[in-house]
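The values are calculated or read from the model by the stated rules, or taken from the named source; none is laboratory data. This structure is a prediction, so every number in the text was calculated from the model and none was measured. Please note: Cβ atoms are built from the backbone with ideal geometry, for glycine as well, and neighbour counts cover all protein chains shown.
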Amino acid sequence: MTSIPFKLPRVGTTIFTTMSALATELNAVNLGQGFPDFPMDKRLSDAVARAMDNQFNQYAPMAGWLPLREILAEKIGSLYKSTVNPDTEITITPGGTYAIYTALTTILLPGDEVIVLEPAYDSYVPNIEVNGGKAVLVPMNLEDLSINWPAVRAAVTPKTKAIIINSPHNPTGAILGEHDIRELRSIVEQHDLFIISDEVYEHLIYDGKEHQSMLRYPDLLARSFVCFSFGKVFHCTGWKLGYCVAPAALMKEFRKIHQFNCFSCHTPSQVGIAEFLQDRESYLSLNAFLQQKRDYFITLMQQTRFTLKPSYGSYFICAGYEAISSEPDIDFALRVTREFGVATIPVSAFYQYGTTGKLIRFCFAKKQETLEKAVQQLTRL
């Protein structure tokens, strides 16, 4: 058999696939992978069905259904006081992960370096490496889930091309603050870096906090690819639909890659989402809905021996288990799934070379009865 050079020799089956498969095999409660187990808004599914019935079933334009891009531009203007051209600065993509990959493919040449803050969503580093780049890993401060900005500055070299930012953050639920924006602005301006901003949990932010989107800041947006997910915020992760916002010159290059990859995304979903977004409450009400689930899970978990970290956004909250076990987090997560019927994700899965921190990630975007069942079983630990 003819052999091929492997572009990702260190990559195997992800822990997310492993844990979800184990949860299915054992009929365990799955608080691991980030997907809801409650229904999406019927108004949205009805809108997509109407689009199909009305024969919106052929290719959408390569950049996306224009009415959807137009209403996204209106939303951006309303939320972030930023003017974005829907024709030249927004592209609809098959999911947020695809948008991130395409942005990196657009800018990276072999040997370029990208700063990645760990723990990090698992696609970032493979996306960089498959494009011939090098991920420069900078650990966050796990004590308070903050970014170590002096370490970020020290990681910049003449080869640094970009930095990846993720807020609200997966897996920790941390968010950017004004201090972070000042530090980021200083570094990217000094070294002329691109920003890949993963904002797929844009509307899932809690406790009255404000989402520090790159879209708020004209100088940062000028060098950014800002990536979003409809699936994450509207509880339909299987739709794999998102979008990217970037200045026209950057988006022109982004679309050169996009047109030869997927070219066009699912048309009925785009038409349905465009209709659904006309009701601003469709996204403005999401933070209160998910915060109620987060708060309920935190209350339930007081019955256990886990120590919860603060979470200000996303579907996720991390928990320490020092009072329960000294096992490595992967061993602990596997044992909890097998012996106690609850699947989680070990936080070391979000590091390239593991971590000694005893942390696991819970997804609280679940029905009330799912959370209750899981915690009932976790109290036995």
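Observations, loosely collected:
- Complete set of residues in segment 199-225 that are touching a Lys or Arg at 6+ places or on another chain (Cβ under 8 Å) and charged (D, E, K, R): R216, D219
- Extreme residue, nearest to P218 (Cα to Cα), among residues of segment 31-63 that are buried (at least 19 other Cβ atoms within 10 Å of the Cβ) and small (G, A, S): A63
- Applying the criterion of at least 3 residues that are among the aliphatic types (A, V, I, L, M) to the helices (runs of 4 or more DSSP H) found wholly in segment 172-244 leaves 178-191.
- Among the residues of segment 332-368, the ones that are in contact with a strand residue (DSSP E or B) (Cβ under 7 Å, 6 or more places away or on another chain) and hydroxyl-bearing (S, T, Y) come to 3 in all.
- Entry remark, segment 246-267: residues being touching a residue at least 24 places away in the same chain (Cβ under 8 Å) and either outside the structural domain of Y217 (by TED's automatic domain parsing) or assigned to a helix (DSSP H, G or I) (or both) number 11 in total.
- Only helices (runs of 4 or more DSSP H) whose full extent lies in segment 1-118 are considered here, and the ones with at least 2 residues that are touching a helix residue (DSSP H, G or I) at 6+ places or on another chain (Cβ under 9 Å), in contact (Cβ under 8 Å) with a residue 12 or more places away in the chain and within 30 Å of D192 (Cβ to Cβ) are 66-80, 96-107.
- Qualifying positions in segment 300-324 - part of a loop (DSSP other than H, G, I, E, B), buried (at least 17 other Cβ atoms within 10 Å of the Cβ) and in contact with a Phe, Trp or Tyr (Cβ under 9 Å, 6 or more places away or on another chain): F306, S311, Y312, S314, Y315, Y321, I324
- Answer from D112, D122, D144 - the residue that is under 21 Å from H211 (Cβ atoms), surrounded by fewer than 22 Cβ atoms within 10 Å (Cβ to Cβ) and acidic (D, E): D144
- Selected residue (only one of L26, L66, L79 is surrounded by fewer than 22 Cβ atoms within 10 Å (Cβ to Cβ), more than 16 Å from F225 (Cβ to Cβ) and not assigned by TED's automatic domain parsing to the domain that holds Y243): L26
- Residue within segment 223-232 that is within 20 Å of V152 (Cα to Cα) and either surrounded by fewer than 24 Cβ atoms within 10 Å (Cβ to Cβ) or among the basic types (K, R) (or both) present: yes
- Neighbours by Cβ (under 6 Å, 6+ apart or cross-chain): first from segment 268-286, assigned to a loop (DSSP other than H, G, I, E, B); second modelled with pLDDT of 95 or more and aliphatic (A, V, I, L, M): L277/I71
- When residues of segment 287-307 are limited to those that are under 22 Å from D144 (Cα atoms) and without any contact (Cβ under 8 Å) to a residue 12 or more places away in the chain, the one nearest to the chain's Cα centre (by Cα): D295
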